[in-house]
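This report refers to the structure that appears directly beneath it.
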Amino acid sequence: MATYVNIINCADDVQNTGVTQCPYKPDVFSGVILVPDGEDDLTKAQVAAISATLNAKIANNNKSLRAFPINFFQGVELKNTEATTRESTFGNVTKLRQGKYGMNWEYEDGGTNMQKQLYSFDGKAGSYKAYLIDAKNNGLAVVSKDGVTVRGFTLDQINVPNIMFATGAEALLLHFELIFKNSDEFNKYLSFIPFPDDADVQDLAGLTPIDMVVDTELAATTAGTLNLKFISGGIDLYDNYSGAIDTASLYTFTNAQTGEAITVTSVTAVPATKSFAVLLDVLDADYPAVGGRVKAYFGDVSDIATAGMVGFGEAIAYSTRIA
């Protein structure tokens, strides 16, 4: 098997059984990075610059190509299943298939807001693969068959169970569960990508979500106006980011019925209400009639970061023209 210095892979075809000094002994998997299932394997060059590779994936403008790190777990329960066997009438036992690996993590940080975010992945195992975060060894457990390129573990199920509410005897607990499809990926092809000394795998963080809220619905006089507020996790973003949010180029407005773009004339911060007054061009052919709706998009992620809001995601809101 080919090997590469940036991947620790101790597998081979048939193993001798003397104890060897494989340099990777997995510790607790304290986090997960979900990556799009359809993406190609990470190349030799991408693995060599793994920290930069993952940060670029996390902040990808295209959500369908984005990586989603989840690394705040506080405990884990193994959900492995037993191998399935068959015993013949003569007493011979045949193993029909290997058991599967599964892990159920528990967490408290983020509360119901984090439950809402994670629940968006519930049942979508076919859309993602998973890298496993090994914080103690400061790196990622991955799958590599050739010791050069790597990919995530194939998933059979993503399950986000209902919240276990506090009872007085037990604290509130939330859970995130993965069942893995192919046990060979662990038994034969489990590999490890160590992070460089100047990077910490635990620093990988997903984009912070933004709620863009319509404070005053769309109206039209000489110009089309509506007011927007920006909130993240219940915290108003005006005080810290008003100078970035009032950047008109960050906004895209479309007619919700036709999908056609509407010209944004200006975006102005309004200190009295900690909101942002958006003026749209009422002469634009796609400006809606009374009762029509517009879709507001705040982004892309790279543009938001350039404006000074590093680590935040995009946002979407709808407004109905009331006058």
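Couple of notes before you dig in:
- Taken together, Thr216, Thr258, Thr254, Thr273 contain a single residue that is assigned to a loop (DSSP other than H, G, I, E, B), in contact (Cβ under 8 Å) with a residue 12 or more places away in the chain and under 29 Å from Gln117 (Cβ atoms), which is Thr273.
- Top-ranked residue of segment 102-130 - restricted to ones that are charged (D, E, K, R) and in a strand (DSSP E or B), ranked as nearest to Leu173 (Cα to Cα): Glu106
- Among the residues of segment 183-202, those identified as within 22 Å of the chain's Cα centre (by Cα) and open to solvent by 10 Å² or more (accessible area, probe 1.4 Å) are Pro194, Phe195, Ala199, Asp200, Gln202.
- Residue check for Thr89: at pLDDT 95 or above and either in a loop (DSSP other than H, G, I, E, B) or open to solvent by less than 60 Å² (accessible area, probe 1.4 Å) (or both): no
- Taking every residue in segment 41-60 that is without any contact (Cβ under 8 Å) to a residue 40 or more places away in the chain and pairing it with any residue that is open to solvent by less than 60 Å² (accessible area, probe 1.4 Å) and of a type outside the set (A, V, I, L, M), at least 6 positions away or on another chain, the pairs with Cβ-Cβ distances below 7 Å are Gln46/Thr53; Lys57/Arg66.
- Top-ranked residue in segment 118-135 [being closer than 13 Å to Asn162 by Cα and in contact (Cβ under 8 Å) with a residue 40 or more places away in the chain; ranked as least open to solvent (accessible area, probe 1.4 Å)]: Leu118
- Put simply, of Ser266, Ser302 the only residue that is touching a residue at least 12 places away in the same chain (Cβ under 8 Å) and either assigned to a loop (DSSP other than H, G, I, E, B) or open to solvent by 40 Å² or more (accessible area, probe 1.4 Å) (or both) is Ser302.
- Taking the criterion of being touching a residue at least 12 places away in the same chain (Cβ under 8 Å), outside any strand (DSSP E or B), open to solvent by 60 Å² or more (accessible area, probe 1.4 Å) and farther than 23 Å from Leu42 by Cβ, no residue of segment 144-170 qualifies.
The values are calculated or read from the model by the stated rules, or taken from the named source; none is laboratory data. What you are looking at is a predicted structure, and each value in this text was computed from that prediction instead of being measured. When we count neighbours, we look across all protein chains shown, and the Cβ atoms used for this are built from the backbone with ideal geometry, even at glycine. Please note that ligands, DNA and RNA were not included when accessible areas were found on the heavy atoms of the full protein model with its side chains. Shrake-Rupley method; radii C 1.70, N 1.55, O 1.52, S 1.80 Å.
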